[in-house]
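For reference, the structure discussed in these notes is given below.
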Amino acid sequence: MNFDNQVNKSSEEGATSPTKRTSRALFDSPKATAAVTHALSAIKLSPKKIDPVGSRGSPSPTRLGALRGQHASTQSSQSTSTSTSQSGEKRRNEIEVLRELSEEELAIIRGRESKRLATMSQLYFLDHYFDLLKYLNNRRLRTDAFHAQHDGLDEAQRGQLWKQQCGRERAYLRKRRTKVKHGDFKILAQVGQGGYGSVHLAQKRDTKEIVALKVMSKALLHKMDEIRHILTERDILTNAKSDWLVNLLYSFQDTRNVYLAMEYVAGGDFRTLLTNSGVLHDPHARFYIAEMFLSVDELHKLGYIHRDLKPENFLISATGHIKLTDFGLASGMINNQKIESMRVKLTQAGEAREMGQYSTLDRQNMYRSLRAREPTLAYSVVGSPDYMAPEVLKGLEYNHTVDYWSLGCMLFECLSGYPPFSGESVNDTWANLKNWRAALKRPHYDAPEHQEFNLRDEAWELITAVVCSDRRRLQTLSEVQRHVYFSGFDFKGLRSMKVPFKPKLASETDHGYFDDFESAEDMSKYKEVHDKQAAIEKLAERGNGMKKTAFVGFTYKHGKTGDMSQFDTML
């Protein structure tokens, strides 16, 4: 029996059954059909543009090509006219159905969540069928290669080898259907702790992939109204195919937690580098801030604004280059409770102290003292406002340039040793942000031995071109690149430049650039974070339960087609 006939039945059942069940669930009524169609049209993604096969039935070369429907047109003018007529009739029917919906139903399907679900549904099915076609094509190539390689063997030998080949294919097909779970990963060490969960260095048991496994409590995310943000982070990571952004390998969930298994970036975060370095030399600061601008621009290209950039969000790869991570707040809306909290803090903040009365060294020492007292402030549930633009803190309208403000604050810190609005306490920081125009002072060193660390005029000009009112702020990456601070700087050659710092790693699982969570001293820094998490989770247990569909569409598995090398020894 031909192998394709042996496995086609099980392949098709495994691939299409979930689709059939989903289709029945989604399209049980005309209202549901109209809702999905309307949501798709609202985000400019017509179902007609989803074409998982190109001309002559061959797989489209890329997902993007499939999404855009870039295939050769063979239709006659008559069929085009017929199609246009049918399209017009379909649109009129959709309008009639929409007219029957109530205002409440219309509000739901026009809402942000409906648009997200429509987009994710479209991308899910597109990815599903693209992957299926790719798998079938690769399987036929493997079959052809088998026949070509063993064509000269006698029937008995060939039959035995064919049986083994079919066994490998069956094992591979079963593996494709397997759901990822927490037990699939061997935890090697904890490397991070955030306001909503922890991050672990882990290894996937079957593929031996080294990952950073982010574990977050569903109850905590629900209580803090952060479900939308973690779904946004997952959506960004699944679409991030850039060297400047951390890539997602797997996302999955169980009854208690959601999990993001991301590529492991072994060099630690930029905060650690700043803490160890103090002040960076200008060429080094320029290198890092250039890479940060490119990283953030990749996020902007995906249609997202980060809004909460800080040194902790940038990781240093094994090669010494920057990668942007932690996209939890990179969505279109901050929850109302958080906005109100920030507004209150700004309103209650007193007048800022006159920063001019402190020397640059005084402010460095003040900031180091503050971080020593509150070392995990950036990871807390509340966070720190050091790098947030005023319009975000006030809950006003804003655009992508709020991220440029944050990067300007980080360039300031690279060259001075402290953020521009830091004070002796977090309350002082709020007061300085409230009065940011008066608080922003150019750092200056008087001592001869420190003169080399004084800011160049060009650096100060760039800082004040982004840490300024939104109307005056640089608006595009091109404007940033043309700024005099980057005169003669080769943005295109960044990847080939000698890096200021390259991590010294003993192995791919080296985690020496992260806190040691087995050390009592390091763990003590996270006591407040753990205490807040425990208190909020207790409140969550007594509160209203979340919907079962709260994390729908969260699951993701990269490289599903892969190769079959891992199955060669299974028989």
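A short reminder: the numbers here are calculations on the coordinates, not readings from a lab. Note that the structure is predicted; figures quoted are calculated from it, not measured. Heads up, the Cβs are rebuilt from the backbone with ideal geometry, glycines too, and the neighbour counts pull from every protein chain shown.
For the range 136-153, 3J(HN,Hα) computed residue by residue from phi via the Karplus equation (6.51, -1.76, 1.60; θ = phi - 60°) reads 4, 5, 5, 5, 5, 5, 5, 5, 4, 5, 4, 5, 5, 6, 10, 4, x, 7 Hz, glycine and proline entered as x.
Backbone amide hydrogens, once placed in the peptide plane, bring Leu249 within less than 5 Å of Ala261, Met262, Glu263, excluding anything fewer than 5 places away on its chain.
On full extension, the segment bounded by Arg471 and Ala189 gains 96.9 nm, given 0.36 nm per residue less the C-alpha separation.
Derived scalar couplings between HN and Hα for the range 397-402 equal 5, 8, 10, 4, 6, 5 Hz in order, rounded to whole Hz, by the Karplus curve 6.51 cos²θ - 1.76 cosθ + 1.60 (θ = phi - 60°), x for Gly and Pro. With a sphere of radius 11 Å drawn around the Cβ of Ala240, what net charge do the other residues whose Cβ falls strictly inside it have (Lys, Arg +1; Asp, Glu -1)? Result for the local shell: -1. Only the Cβ atoms of Lys and Arg (+1) and of Asp and Glu (-1) were treated as charged; on that basis the dipole of the range 141-262 about its Cα centre amounts to roughly 460 debye.
Ranking request for peptides 103-111, 290-298: highest mean number of other beta-carbon atoms within 10 Å first, then the rest in descending order. Don't skip to the answer; put the middle values down first.
Numbers: 103-111: 12.8, 290-298: 22.2.
Highest mean packing first, the order is 290-298, 103-111.
On the basis of the beta-carbon distance and an R0 of 30 Å, Ser478 and Arg256 show a calculated FRET efficiency of 0.05.
Listed values for the range 479-491 are Karplus-derived 3J(HN,Hα) couplings in whole Hz (6.51 cos²θ - 1.76 cosθ + 1.60, θ = phi - 60°), namely 5, 5, 5, 7, 4, 4, 4, 9, 4, x, 8, 9, 5, and x replaces Gly and Pro.
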